[in-house]
Ligand SMILES: [Zn+2]
């Protein structure tokens with residue numbers, strides 16, 4: 001659907017769904033659609049960000065309580081639960097304490113999408129704290145951070161250039177739990193890595209130097225048997241140039257890398 005910012009609509013719907021859940025009600029698409037100025041058939045687009053957030057965050061399927069007026073069931077686009085057992089989903093949603101979950105889309109203005117915010121992270125570093133203040137919810141911040149790094153790294157792993165979107169992670173160099181608010185969304189505190197290199201990086205087996213070269217902890221492969229794949233992913237990469245953004249203001253910062261070296265005793 002073009003021309004509509006459904007993230008903004010999702011931010012309006014979230015508290016309405018939470019309220020309905022607390023009253024153990026199942027509003028219809030038609031009852032909720034006026035609140036986001038759309039028609040019942042397009043409600044699926046406004047509910048989709050909520051559905052995805054619940055799936056990614058392991059929450060009960062909040063959007064399942066919105067149903068068709070005739071069927072009493074969630075309609076096309078709902079994938080959060082089996083329709084043959086929707087009562088169980090509703091019970092889970094009704095019984096859940098939603099007051100402890102902040103509205104993930106609350107601060108999305110009429111023109112804010114994860115992509116527009118990712119673009120701002122890349123182009124307007126001074127706006128990072130402002131953007132973080134908008135999207136404090138970790139799942140949403142992580143989505144925006146990944147999209148920003150995908151742009152900065154041309155959708156390729158910094159270590160091996162793998163480019164499958166689903167197999168790429170936005171790795172934090174200074175971990176999320178230790179990072180300041182502005183570091184949490186700072187591309188200079190991140191690296192786009194495939195899931196394997198992300199794990200190896202987080203364990204401190206592999207890193208990059210200040211000059212942008214890949215460093216592996218056992219380049220001579222003395223520590224046990226290496227399969228061909230092991231070697232290709234690690235020792236063979238040692239000393240090679242990492243695939244980093246051409247813009248130096250988007251590359252890992254000296255401060256963040258020092259933090260990584262110290263944590264892992266490099
Ligand atoms: Zn990789």
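On inspection, residue 177 does not qualify as in the same structural domain as residue 143 (by TED's automatic domain parsing) and assigned to a helix (DSSP H, G or I). Residue count for the range 43-67 under the criterion of being touching a helix residue (DSSP H, G or I) at 6+ places or on another chain (Cβ under 8 Å) and surrounded by fewer than 16 Cβ atoms within 10 Å (Cβ to Cβ): the result is 2.
On inspection, residue 197 fails the criterion of being within 19 Å of residue 118 (Cα to Cα), modelled with pLDDT of 95 or more and in contact with a strand residue (DSSP E or B) (Cβ under 8 Å, 6 or more places away or on another chain).
Residue selection: residue 235 satisfies the criterion of being in contact with a strand residue (DSSP E or B) (Cβ under 6 Å, 6 or more places away or on another chain) and assigned by TED's automatic domain parsing to the domain that holds residue 147. Here residue 192 fits the description: within 23 Å of the chain's Cα centre (by Cα), over 17 Å from residue 259 (Cβ atoms), in the same structural domain as residue 142 (by TED's automatic domain parsing) and in contact (Cβ under 8 Å) with a residue 12 or more places away in the chain. Scanning the range 157-167 for residues that are buried (at least 17 other Cβ atoms within 10 Å of the Cβ) and within 22 Å of residue 139 (Cα to Cα) yields one hit, 157. Condition check for residue 170 on (1) within 16 Å of the ligand (Cβ to nearest atom); (2) more than 16 Å from the chain's Cα centre (by Cα); (3) surrounded by 14 or more Cβ atoms within 10 Å (Cβ to Cβ): one failure, at (2).
Here's the yes/no breakdown for (1) under 25 Å from residue 7 (Cβ atoms); (2) modelled with pLDDT under 95:
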{"position": "148", "(1), (2)": "yes, no"}
{"position": "155", "(1), (2)": "yes, no"}
{"position": "158", "(1), (2)": "no, no"}
{"position": "170", "(1), (2)": "yes, no"}
{"position": "176", "(1), (2)": "yes, yes"}
{"position": "185", "(1), (2)": "yes, yes"}
{"position": "189", "(1), (2)": "yes, no"}
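If the condition is being over 19 Å from the mean Cα position of the chain (by Cα) and assigned to a loop (DSSP other than H, G, I, E, B), then the range 57-73 contributes 66, 68, 69, 70, 71, 72, 73.
Scanning the range 173-197 for residues that are within 16 Å of the ligand (Cβ to nearest atom) and either farther than 21 Å from residue 240 by Cα or crowded, with 22+ Cβ neighbours inside 10 Å (or both) turns up 173, 190, 191, 192, 193, 194, 197.
Condition (residue is within 15 Å of the ligand (Cβ to nearest atom), out of contact with any strand residue (DSSP E or B) (no Cβ under 9 Å at 6 or more places or on another chain) and in the same structural domain as residue 173 (by TED's automatic domain parsing)) applied to the range 204-220: is it met by at least one residue? Checked the range 204-220: no residue is within 15 Å of the ligand (Cβ to nearest atom), out of contact with any strand residue (DSSP E or B) (no Cβ under 9 Å at 6 or more places or on another chain) and in the same structural domain as residue 173 (by TED's automatic domain parsing).
If the condition is being part of a helix (DSSP H, G or I) and within 12 Å of residue 62 (Cβ to Cβ), then the range 7-34 contributes 10, 13, 14, 15, 16, 17, 18, 19, 20, 21, 22.
When the test is whether a residue is within 16 Å of the ligand (Cβ to nearest atom) and either out of contact with any helix residue (DSSP H, G or I) (no Cβ under 9 Å at 6 or more places or on another chain) or in the same structural domain as residue 243 (by TED's automatic domain parsing) (or both), residue 201 passes it.
The values are calculated or read from the model by the stated rules, or taken from the named source; none is laboratory data. Keep in mind that what you see is a predicted model, and the values were worked out from it rather than measured. Backbone-built Cβ (ideal geometry, glycine too); neighbour counts: all protein chains shown.
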